[in-house]
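One structure is given below, encoded as structure tokens.
The values are calculated or read from the model by the stated rules, or taken from the named source; none is laboratory data. Here the structure is a predicted model, which means the values were calculated and not measured. Every residue, glycine among them, receives a Cβ derived from its backbone with ideal geometry; neighbour counts consider all protein chains shown. In case anyone asks, the SASA skips ligands and DNA or RNA and just uses the protein heavy atoms, side chains included. Shrake-Rupley method; radii C 1.70, N 1.55, O 1.52, S 1.80 Å.
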Amino acid sequence: MRNLVLHVAFAAMVSIAFGQQATKLYVSTQKGQNEVQSPSGKKPLKSGIFLMEDDVLVLAEGSYVALLPKPGGIPKELKKAGTYPVKDILQGVKAGASVLNKYTEFMLSSNGDERKNRLSATGAVHRGLENIKVFLPESPNNELLNNTLVVQWETKTPVQGAFVVKVTDILETELLTQAVNGSKIAINLSDPKMSTKYPIMVKVYSKQDARTASAGHIVSVISNKDRSAKLNAEVTELGLNEETAINKFVLASFYEEKGLFMDAIAAYEEAIRLEPEVDSYKDAYTDFLVRSGFKASKP
């Protein structure tokens with residue numbers, strides 16, 4: 001339920017922030033035995049509450065708190081134990097760009113149906129009958145803006161031993177073949193041997209039995225230079241320059257809204273890598289995979 005709290009509360013922030021401006025900071029997610037002190041007393045800090053200027057946050061050891069400022073403000077993380085007056089936090093918050101406001105409602109929507117319907121209309125996800133299902137989209141959503149391609153898969157029936165990820169060009173010239181013990185690999189597409197070979201074909205198969213394989217998935221970079229430049233300009237304008245989990249989460253939602261599902265996957269993976277003990281990001285990632293049709297349902 002943590003992810004539900006995260007999204008519902010995000011949406012509540014949008015509604016209130018655009019209506020009345022009394023509330024300045026919103027707790028998007030938190031971990032640990034933290035507290036908030038207000039003129040009316042002390043209480044446990046919870047995700048989904050709004051903080052006023054005269055409130056004070058008290059963080060315990062090993063805690064994590066992600067805060068969203070007033071509309072357009074750059075998200076902020078707190079991880080060090082100590083006392084944090086909200087008015088001091090607000091003074092250090094950087095103003096956000098208008099483009100961040102523009103996508104807030106989509107990024108923080110509590111209603112996944114709108115997203116799911118939009119994705120279904122694109123026919124973006126391959127729904128083959130192969131035993132190995134790779135979480136890569138079909139055209140027209142099979143283009144990457146960035147250079148990190150995360151290839152992840154699941155099997156309908158158990159597969160013994162390791163897997164092999166094979167990448168070729170469209171002429172089936174081998175570019176990469178790598179054994180993987182798990183069910184995920186990140187591929188750097190800026191490698192010179194692949195950067196000039198687009199589009200590429202990605203396939204996953206069992207190392208023990210090559211007949212147990214996924215469908216081939218075509219991946220390309222955005223070929224339209226004007227579109228690529230515009231998207232990169234929007235990402236820059238967001239102002240999410242720090243390598244934080246909350247920034248990666250916002251970027252993941254931005255990429256999803258743009259139909260860049262592979263970039264969204266990479267951003268979710270980064271958010272989880274940066275804060276592996278914060279379950280909200282894992283839950284939001286699973287919701288995305290289900291919503292977009294990569295996974296059939298939540299475990």
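Taking the average, over residues, of other Cβ atoms within 10 Å as the packing measure, peptides 180-192, 228-240 rank 228-240, 180-192 from highest down. Counting only protein heavy atoms and using a 1.4 Å probe, the accessible area of Val290 comes to about 30 Å².
Under a point-charge model restricted to the Cβ atoms of Lys and Arg (+1) and Asp and Glu (-1), what is the dipole moment magnitude of the stretch 243-299 relative to its Cα centre, in debye to the nearest 20? Each step should come with its number before you reach the end.
Numbers: 7 positive and 11 negative charges, 51 e Å.
In debye, rounded to 20, the stretch 243-299 gives about 240.
Label separation (Glu35 vs Lys230): 5.2 nm, computed from points 7 Å beyond Cα along the C-beta direction.
With 29 Å as the limit, the listed pairs Lys31/Lys133; Lys43/Lys80; Lys31/Lys184; Lys46/Lys133; Lys80/Lys258; Lys76/Lys203 have Lys31/Lys133; Lys46/Lys133; Lys80/Lys258; Lys76/Lys203 beyond it between alpha carbons.
Shown here are the Rg and Dmax of the Cα trace of the stretch 185-295, at 15.9, 48 Å. Overall form of the stretch 235-299: oblate. Here a/c, set by the Cα gyration tensor axes a ≥ b ≥ c, is 1.5 or more, and a/b is not larger than b/c.
The Asp191 and Lys87 beta-carbon pair, evaluated with R₀ = 45 Å, returns a calculated FRET efficiency of approximately 0.40.
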